[in-house]
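Below: the structure, in structure tokens.
The values are calculated or read from the model by the stated rules, or taken from the named source; none is laboratory data. Predicted, not measured: the structure shown is a model, and the values here were computed from it. Cβ: placed from backbone, ideal geometry, glycine included. Neighbour counts: every protein chain shown.
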Amino acid sequence: MALALSQYAEHAATDLKFIAARAGKSLQGAVDATTAYLNGDQEMAAEAQRKALSAPDLDPMKPGVQTS
């Protein structure tokens, strides 16, 4: 019985190490993806603010909304 448990523990240890490593990589991937998403939001907000602060184009000869 002790031999069987020892062999199982050896086999399970390798699997558990793999599972822990995979979980760590998955969590880091989620962190990296979330960071990239948030940085994109900040870039979009900065671009919207930049456009809002730019001088309006009041040329009446241009079609459409005169904004930039």
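A few notes on this one:
For (1) modelled with pLDDT under 90; (2) surrounded by 10 or more Cβ atoms within 10 Å (Cβ to Cβ), each residue gets a yes or a no:
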site: A12; (1), (2): no, yes
site: D15; (1), (2): no, no
site: F18; (1), (2): no, yes
site: R22; (1), (2): no, yes
site: L27; (1), (2): no, yes
site: T35; (1), (2): no, yes
site: E47; (1), (2): no, yes
site: K62; (1), (2): yes, no
site: V65; (1), (2): yes, no
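- Q7 vs. criteria over 31 Å from the mean Cα position of the chain (by Cα), of a type outside the set (A, V, I, L, M), part of a helix (DSSP H, G or I) and surrounded by 10 or more Cβ atoms within 10 Å (Cβ to Cβ): yes
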